[in-house]
Amino acid sequence: MQTVDSTKVPYKTLYNGAKIPVIGLGTFGSDNYDAETIAQAVKTAIKMGYRHIDCASVYGNEKEIGVALQEVFAEGIVKREDLWITSKVWNDKHKEVVASCKQSLADLRLNYLDLYLVHWPFPNYHAPGCAGDARNPDSVPYNHENYMKTWTQMESLVEAGLVKNIGTSNVTIAKMKLILRDCKIKPVLNEMEIHPHFQQPELYKFMKDNGVEVIGYSPIGSPGRPERDKTPEDTVDMEDPIIVAIANRLGVHPAVVCLKWAVQRGQITIPFSVKTDKMFNNLKGITEGPLTEEEMVAVSKIDKNCRLIKGQVFLWEGAKSWEDLWDLDGIIVK
Ligand SMILES: NC(=O)c1ccc[n+]([C@@H]2O[C@H](COP(=O)([O-])OP(=O)(O)OC[C@H]3O[C@@H](n4cnc5c(N)ncnc54)[C@H](OP(=O)(O)O)[C@@H]3O)[C@@H](O)[C@H]2O)c1
């Protein structure tokens with residue numbers, strides 16, 4: 001198997017001094033691949049040179065990934081401290097964050113996480129694999145007081161040494177302003193959707209200006225996302241003529257251009273694949289052959305504000321559409 005020298009992979013230094021590799025392997029693939037296949041991909045990725053894995057309890061594969069991690073440790077491929085492992089508390093566990101984290105630690109067979117995220121700012125649960133129009137009657141809009149109760153539990157995990165860093169995911173500027181105002185431990189980063197056709201420039205800048213780093217998810221445009229997250233208006237990053245032209249110049253797949261752009265722009269990127277060749281191209285791609293300044297400018301101009309992971313299954317009764325989740329007017333929608 002081809003490998004990449006992991007010391008050649010750049011990292012970002014978070015406000016507290018922690019260093020996170022700028023590329024991690026995504027592990028959300030449950031609609032297309034079984035847990036065992038994804039766990040094997042994690043093992044292959046670590047052997048290949050990946051040092052950062054983006055997990056979550058809701059992905060339904062932490063137990064299998066835990067076995068893979070045990071194996072790479074036992075085989076002497078890496079030590080625990082060489083890896084950056086993220087997990088996330090799912091929406092139905094906002095009141096039981098400590099128990100949920102301990103479950104992820106047990107499943108992953110670890111005694112600490114490098115990063116724990118609140119997966120969504122809503123406690124709204126939907127069944128895995130549900131249809132796009134499925135609604136849970138218990139769903140509610142964002143409630144800041146309740147979010148901070150969840151965040152206080154997140155802070156207690158850092159204090160207990162179970163987690164080294166805590167962060168948010170899928171929050172807006174309006175929500176982050178309140179979280180920054182009221183937190184004791186500031187989020188180290190926010191995980192949010194970013195790809196060339198959905199660059200979120202304002203939210204990105206707000207995070208950076210406030211010392212909060214950014215992980216961009218679905219960096220390739222999530223071609224394998226669940227059917228419930230697909231609409232006829234969605235555009236395809238990998239088919240964009242600007243992306244294709246850069247790929248032709250560099251002799252790489254358009255997917256790799258999306259990742260190079262991501263890292264060069266300044267976000268951490270977490271592409272998913274279980275295919276050894278794709279995983280390799282992605283890792284190698286961010287260690288060589290940068291985009292030119294002109295290409296970076298050209299990509300900045302192809303933003304189509306095309307959100308792919310709309311989150312409509314988290315809507316509450318009375319909400320008008322998925323836009324209500326994202327506070328488009330800068331005001332939290334209730
Ligand atoms: N915090 C959140 O709410 C949240 C939400 C969504 C995702 N995430 C995280 O972000 C990760 C990545 O996002 P994602 O899985 O939605 O989408 P993605 O990484 O944008 O796209 C993954 C797809 O791209 C294909 N691909 C990967 N590398 C390729 C290459 N070099 N050439 C051609 N095709 C390539 C894969 O193909 P194959 O199937 O053939 O391997 C896979 O179908 C997730 O796995 C998850 O860890 C977090």
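The values are calculated or read from the model by the stated rules, or taken from the named source; none is laboratory data. Source: prediction; values computed, not measured. Virtual Cβ from ideal backbone geometry, glycine too; neighbours counted across all protein chains shown. These area figures cover heavy atoms from the full protein model, side chains too; ligands, DNA and RNA do not enter into them. Shrake-Rupley method; radii C 1.70, N 1.55, O 1.52, S 1.80 Å.
Yes or no, residue by residue, for (1) out of contact with any Phe, Trp or Tyr (no Cβ under 8 Å at 6 or more places or on another chain); (2) open to solvent by 30 Å² or more (accessible area, probe 1.4 Å); (3) among the charged types (D, E, K, R):
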site: 206; (1), (2), (3): yes, yes, no
site: 210; (1), (2), (3): yes, yes, no
site: 216; (1), (2), (3): yes, no, no
site: 230; (1), (2), (3): yes, yes, yes
site: 235; (1), (2), (3): yes, yes, no
site: 238; (1), (2), (3): yes, yes, no
site: 241; (1), (2), (3): yes, yes, no
Filter region 13-33 for residues that are within 13 Å of the ligand (Cβ to nearest atom) and at pLDDT 95 or above; the one that is surrounded by the fewest Cβ atoms within 10 Å (Cβ to Cβ) is 33
Out of 155, 145, sole residue that is more than 16 Å from the ligand (Cβ to nearest atom), more than 30 Å from residue 33 (Cα to Cα), surrounded by fewer than 20 Cβ atoms within 10 Å (Cβ to Cβ) and free of Cβ contacts under 8 Å to residues at least 12 places away in the same chain:
145
Tell me which helices (runs of 4 or more DSSP H) are completely within region 223-329 and hold 1 or more residues being within 13 Å of the ligand (Cβ to nearest atom), or say none if there are none.
241-250, 254-265, 276-285
Identify all residues within region 272-323 that are open to solvent by 20 Å² or more (accessible area, probe 1.4 Å), closer than 20 Å to residue 201 by Cα and among the charged types (D, E, K, R); write none if there are none.
293, 294, 295, 301, 303, 304, 307, 323
Of the residues 72, 78, which is among the aliphatic types (A, V, I, L, M), part of a loop (DSSP other than H, G, I, E, B) and away from the ligand (no atom under 13 Å from the Cβ)?
78
Any chance you could count how many residues in region 34-56 are touching a residue at least 60 places away in the same chain (Cβ under 8 Å) and open to solvent by 10 Å² or more (accessible area, probe 1.4 Å)?
3
Scan region 263-292 and report the pairs whose first residue is at positive phi and whose second residue is within 12 Å of the ligand (Cβ to nearest atom) and in a loop (DSSP other than H, G, I, E, B), with Cβ atoms within less than 9 Å and a gap of 6+ or a chain change.
289/252
Looking at region 133-140, is at least one residue crowded, with 21+ Cβ neighbours inside 10 Å and at pLDDT 95 or above?
no
Sort out which residues of region 193-213 are within 13 Å of the ligand (Cβ to nearest atom) and touching a strand residue (DSSP E or B) at 6+ places or on another chain (Cβ under 6 Å), and write them in order of number.
193, 194
Would it be correct to say that residue 177 is within 19 Å of residue 55 (Cβ to Cβ) and of a type in the set (Lys, Arg)?
no
Consider residue 99 carefully, then state whether it is open to solvent by 10 Å² or more (accessible area, probe 1.4 Å) and farther than 22 Å from residue 6 by Cα.
yes
